[in-house]
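See structure below.
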Amino acid sequence: MSRFCLDSDIAEIVARLGPAPQALAGKTVLLCGGRGFLGRYFCEVFARLNRTLLKAPCRVVVLDNLITAGEEGARLDDDAHLRFAKHDLIAPYRAEGGVDFIIHAAGIASPFYYRAYPLETLEVATVGTKNLLELAREKQARFLFFSSSEIYGDPDPKHVPTAESYRGNVACQGPRACYDESKRLGETLCHIYHERYGIHTNTIRPFNIFGPGMQEADYRVLPNFASRIKAGQPLKVYGTGNQTRTYCYITDAMVGFLLVLLRGVPGEAYNIGNPVPEISVVELVGRIEAVLGRPVAHNVVEYPDSYPADEPNRRCPDIRKARLQLRYEPGVPLDEGLRRFLGWSEGAYRGEG
């Protein structure tokens with residue numbers, strides 16, 4: 001078992017993509033935020049594609065400023081086709097040679113961290129995005145921007161499940177605004193560069209992705225739960241516990257992300273996630289108990305001061321667009337994803353609670 005992922009998961013991702021990744025053969029990919037949770041999966045998938053599928057290897061240039069990468073993220077395996085450069089996207093990146101694909105997965109997605117780094121969160125999604133779009137314009141590269149389901153804010157119940165056409169219900173001066181609003185502006189920049197300069201841009205709005213490799217100190221619900229399970233402590237359910245989410249296992253997410261990269265209609269945004277089941281956080285505890293086969297104690301508590309208020313009440317994606325245009329279909333049920341994640345975290349986490 002890898003230190004941050006399951007080898008079987010990487011093999012599953014590659015197998016489910018079929019021949020589509022041949023479009024990467026012999027090409028250069030600039031992967032920004034390449035040492036974060038999603039970035040490390042991209043690195044592993046590209047490495048396996050080079051070993052097992054591509055007629056000619058793709059070259060991957062990985063950028064990251066390592067601000068929230070942690071110990072695991074800062075480690076990079078030796079790979080002849082992968083090069084790392086420590087770089088903050090607030091400054092333009094001067095790429096040598098051609099660039100065919102730019103993946104902008106750099107960002108601060110954990111509410112704990114974007115409360116601690118509000119300006120850095122805002123700038124990487126705005127200034128950083130513009131810098132990379134200028135590079136895409138120079139190199140005529142395809143551009144993939146990782147936005148967020150948070151751009152919808154707290155949606156009107158009439159718009160749950162939420163389609164890409166929903167305009168959002170977001171507070172521009174709220175405690176989450178540095179993340180939500182900067183992602184919205186990043187999407188606007190992508191739209192302008194597509195319309196004005198003909199750059200092939202696509203935007204991804206991920207919905208609650210989870211799996212092996214999430215840092216124990218990520219401060220999101222499933223790493224929090226897994227850490228406290230390892231420590232033998234009751235789970236902390238914030239707020240009322242009635243807020244609902246859907247959860248998408250990492251293999252389903254990565255298949256969706258790569259389909260957008262390779263097949264996305266120019267200029268379009270795509271929800272990527274699993275629309276079922278939409279469950280409350282308290283119900284999630286029950287699913288964990290069923291997977292573990294034993295009771296798991298939990299307490300409903302107030303939000304800590306370090307966690308921003310205004311958490312959305314519901315979050316559930318409408319993925320009809322990805323289904324129709326990309327032939328995307330999640331395939332890992334929630335209980336199976338939890339089984340894989342909790343099995344991995346039991347060996348990887350320290351139980352710091």
Given the condition at pLDDT 95 or above and under 16 Å from P317 (Cα atoms), answer yes or no: does some residue in the range 210-221 qualify?
yes
Among L76, L89, L135, the single one that is touching a Cys at 6+ places or on another chain (Cβ under 7 Å) and more than 20 Å from R205 (Cα to Cα) is L89
Restricting to the range 303-338, and then to whatever is among the aliphatic types (A, V, I, L, M) and farther than 18 Å from K236 by Cα, can you tell me which residue is surrounded by the fewest Cβ atoms within 10 Å (Cβ to Cβ)?
L324
By residue number, the members of the range 240-275 that are within 15 Å of the chain's Cα centre (by Cα) and assigned to a helix (DSSP H, G or I) are I250, T251, D252, A253, M254, V255, G256, F257, L258, L259, V260, L261
Among the listed residues V300, V276, identify the single one that is among the aliphatic types (A, V, I, L, M), without any contact (Cβ under 8 Å) to a residue 60 or more places away in the chain, farther than 30 Å from A23 by Cα and surrounded by fewer than 18 Cβ atoms within 10 Å (Cβ to Cβ).
V276
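Here is a yes/no grid of residues against (1) surrounded by 19 or more Cβ atoms within 10 Å (Cβ to Cβ); (2) touching a Leu at 6+ places or on another chain (Cβ under 9 Å); (3) in a helix (DSSP H, G or I); (4) among the hydroxyl-bearing types (S, T, Y):
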| site | (1), (2), (3), (4) |
| --- | --- |
| T121 | yes, no, yes, yes |
| A125 | yes, yes, yes, no |
| E138 | no, no, yes, no |
| K158 | no, no, yes, no |
| G174 | no, no, no, no |
| R184 | yes, no, yes, no |
Subset of the range 186-201 [among the polar types (S, T, N, Q) and surrounded by fewer than 22 Cβ atoms within 10 Å (Cβ to Cβ)]
T188
Taking the range 11-34, which residues are in contact (Cβ under 8 Å) with a residue 24 or more places away in the chain and among the hydrophobic types (A, V, I, L, M, F, W, C)?
A11, I13, V14, L17, A20, A23, L24, A25, V29, L30, L31, C32
Wholly within the range 1-116, strands (runs of 3 or more DSSP E) carrying at least 1 residues that are surrounded by fewer than 18 Cβ atoms within 10 Å (Cβ to Cβ) and on the phi < 0 side of the Ramachandran plot
82-86
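The values are calculated or read from the model by the stated rules, or taken from the named source; none is laboratory data. The structure displayed is predicted, hence computed values, not measured ones. All Cβ positions, glycine included, derive from the backbone under ideal geometry; neighbour counts span all protein chains shown.
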